[in-house]
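Peer 1: Structure in structure tokens, see below.
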Amino acid sequence: MSRQTRNFTAAPHLALIAVQIIFATWGIPAKIALRQITPFSLSGIRVVAAAIAFSIIARLTGSFKPIARRHWPLLIASSFCGIVFNQWFFVTGLSRTTVINSVLITTAMPVFTLLVGSISGIERPSWRRLFGILLAAAGVIYLISPARTDANAGSRVGDLLILGSAFIYGCYIVLSKPLVETYGALPIVTWVFIIASGPTALVGAISLRHAPLTAIDRRGWEAIIYIVIVATIVAYYLLTAALRSVPPSTVAVYIYLQPLIAFVIAPVALGEAFTLRTAIAAVLIFAGVAITTRRRKRNPVPAAEIEVSTP
């Protein structure tokens, strides 16, 4: 096999590794930015920038498709679950808890997707997958347990908000699945960001009265620019591009890199502690997600479900 062929084969995997590094660490610049800007303003800037970028990319690639009128209610519901409420919950939760906790709880998103699908009657999970759900849930409960003596009330609220964002995103995956199957991933991602830009921009603008942009220093702007360009536009584009060359089931495996990277970098960059409780919770969540997402070869993971790896 030639070097050119090997490089071509490795390209999507290198892209996926880069995506997981970005997603695992974007909470660090976000924590820096959130010292000077509100969660709602940061969410508004991120969503509006992503909507503009994806609109341009979709136009250039010919992926911008009109949505049938009958699908608009589902599209709007998907946008509010996948972007609006998800971002508000996640960024607000991140401002109150640690990067390590936020990434670890987010890792359980595939479990929430299956749970929502089971409740709605779309999926009928096996006993094995039910056990995986319970195992991951045990890890999350152990991580954010009220019995903890090493966490304050604000941190617990932050963990619960991150948990809420993961559940809401699970709803989005279930809602958007038929849309993605009909129109494709990039067109739907573009439209959900366009729709979400309205409410997030409005609330973000109102929130600026409490923390105006003029009060942000150079370090804060550097963090915001990194979040917009690298953690949003570049990361989502690389993920979409990789899905064209790599089976979705392979992409799902890469989600495990996020907490491992965060465990190493967050303590160094922000001084966060990696405790024994975090390690035990990580093992339980990893095991639960692995059991829940493991499928037989004849049942490949649908591409729509891969979006669970994106915060």
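Laboratory data are not the source of any read-out in this text; all were calculated from the coordinates shown. This one's a predicted model, so the numbers in the text were calculated from it and none came from an experiment. All Cβ positions, even for glycine, are placed from backbone atoms using ideal geometry, and neighbour counts span all protein chains on display.
Peer 1: Please identify every one of the trypsin sites (Lys or Arg not before Pro) in the range 1-96 that sits in a loop by DSSP and has no more than 15 other beta carbons within 10 Å of its own beta carbon.
Peer 2: Filter output for the range 1-96: ARG35.
Peer 1: I need the shape label for the range 37-196. Rule: rounded when a/c is under 1.5, else prolate if a/b > b/c, else oblate, with a, b, c from the alpha carbon gyration tensor.
Peer 2: oblate
Peer 1: Let me ask something else. Each label point is 7 Å from the Cα along the Cα-to-Cβ direction; what then is the distance between the points at LYS65 and ARG124, in nm?
Peer 2: Result: 3.0 nm between the two label points.
Peer 1: Spin-label point model (7 Å from Cα, Cβ direction): what's the ALA205 to LEU276 distance in nm?
Peer 2: In this crude spin-label approximation the distance works out to 5.3 nm.
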